[in-house]
Amino acid sequence: MIPGFFAAGAVAGAAGGSDPYWANVVSLLHFDGADGSTTFTDATGRVWTPTSCELDTAETLIDGAAGLFPGPGNPGYLGTSKTGLAVGSNDFCIEATIKPTAMPESGRIATIVSTGRSSPPDYYGIRFFFEPDGKLRCYLSYDGTSVAVDLISSAGIISAGTRSRVALARVGSTVRMFHEGAIIASSVISGSVYMPSADMAYIARAVDRDGSNTYLQGIYQGRMDEFRWTIGVGRYSANYTPANDPFPNS
């Protein structure tokens, strides 16, 4: 199987190639740049605002540099406007390469990406994260207050010091989670994923729904590379071989 391709033949992307779904990409972060830089360039032009995180060249996960997120002691994350990120009832795919330096403490989670706003009751739509035991998990909400879809891996697959390429994809009436290209959980999805009227999307933090710093319970600690968010195309509906190259910019 060609790296970065669906089992059925749909392209995931590779360096030097092109992405037939580039028009559907709403965010693409390569996490490339000078060591220590706090400029996170999105290939789509989206603006991400960093808080206590930077680029790091000491260790790369795919190519060049990686985003370094220091963890709960010095909460680091990226935030962006919700504009253009509402997945609704469309197919979508969110994928990233992660390498945590530490697992979350008991009672906490490590967030890869989340959407929502800092006021109840409608506080989130997507929460893609992993738990202290290494289980990858995702909550999707139809109304902003309750969990409509709960995907969780049956065993711990995320571990400190180990690179993992993960993806969350909706294709038609099914939403799936992938780890290293293998389906690890799936569920029927019958509704429109909620997007509050005034909210943000975050990388490496959960949504602070009540203004009391509850987001600290969802801070990711470690490195991240090649983050891509696609809406209108789910990309993966079967096991696939992840590419070892950066996603294409065109």
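The values are calculated or read from the model by the stated rules, or taken from the named source; none is laboratory data. These numbers come from a predicted model, not from an experiment. Counting neighbours? That spans all protein chains shown, and the Cβs are built from the backbone with ideal geometry, glycine included. Only protein heavy atoms, including side chains, enter the accessible area calculation; ligands, DNA and RNA are left aside. Shrake-Rupley method; radii C 1.70, N 1.55, O 1.52, S 1.80 Å.
Residues whose amide H falls under 5 Å from that of residue 44, counting only those 5 or more places apart or on a different chain, are 28, with hydrogens built in the peptide plane.
Rounded to the nearest 0.05, what FRET efficiency do residue 250 and residue 37 give with R0 = 25 Å and r taken as the Cβ-Cβ distance? Could you check?
Values: r = 24 Å, r/R0 = 0.94.
For residue 250 and residue 37, the calculated efficiency is 0.60.
Provide the per residue accessible area, probe 1.4 Å, for the chain, rounded to a whole number of square angstrom.
Numbers: 9370 Å² over 250 residues.
For the chain, the per-residue accessible area is 37 Å².
Couplings for segment 229-236, taken from phi via the Karplus curve 6.51 cos²θ - 1.76 cosθ + 1.60 with θ = phi - 60°, read 10, 10, 10, x, 9, x, 6, 10 Hz in order; Gly and Pro are left as x.
For residue 222, nonlocal amide neighbours, meaning residues 5 or more places apart or on other chains whose placed amide H falls under 5 Å from its own, are 69, 71, 101.
Residues in segment 155-161 carry Karplus couplings, in order, of 9, x, 10, 9, 9, 5, x Hz; the curve used is 6.51 cos²θ - 1.76 cosθ + 1.60 with θ = phi - 60°, and Gly or Pro positions show x. Only protein heavy atoms count here; on that basis, with a 1.4 Å probe, residue 60 has an accessible area of about 60 Å².
Once R0 is set to 25 Å, what does the formula 1/(1 + (r/R0)^6) return for the Cβ-Cβ distance between residue 180 and residue 106, expressed as a FRET efficiency to the nearest 0.05? According to the calculation, E is roughly 0.45.
A probe of 1.4 angstrom, applied to the heavy atoms of all protein chains, finds residue 245 with accessible area near 70 square angstrom.
Subtracting the Cα-Cα distance of residue 18 and residue 239 from 0.36 nm times their residue separation leaves 77.5 nm of extension gain. Across segment 17-26, coupling constants 3J(HN,Hα) worked out from phi with the 6.51/-1.76/1.60 Karplus curve, θ = phi - 60°, read x, 9, 10, x, 10, 4, 5, 9, 7, 9 Hz, and Gly and Pro carry x. Seen from residue 150, the other residues with C-beta closer than 13 Å to its C-beta sum to a net charge of +2, counting Lys and Arg as +1 and Asp and Glu as -1.
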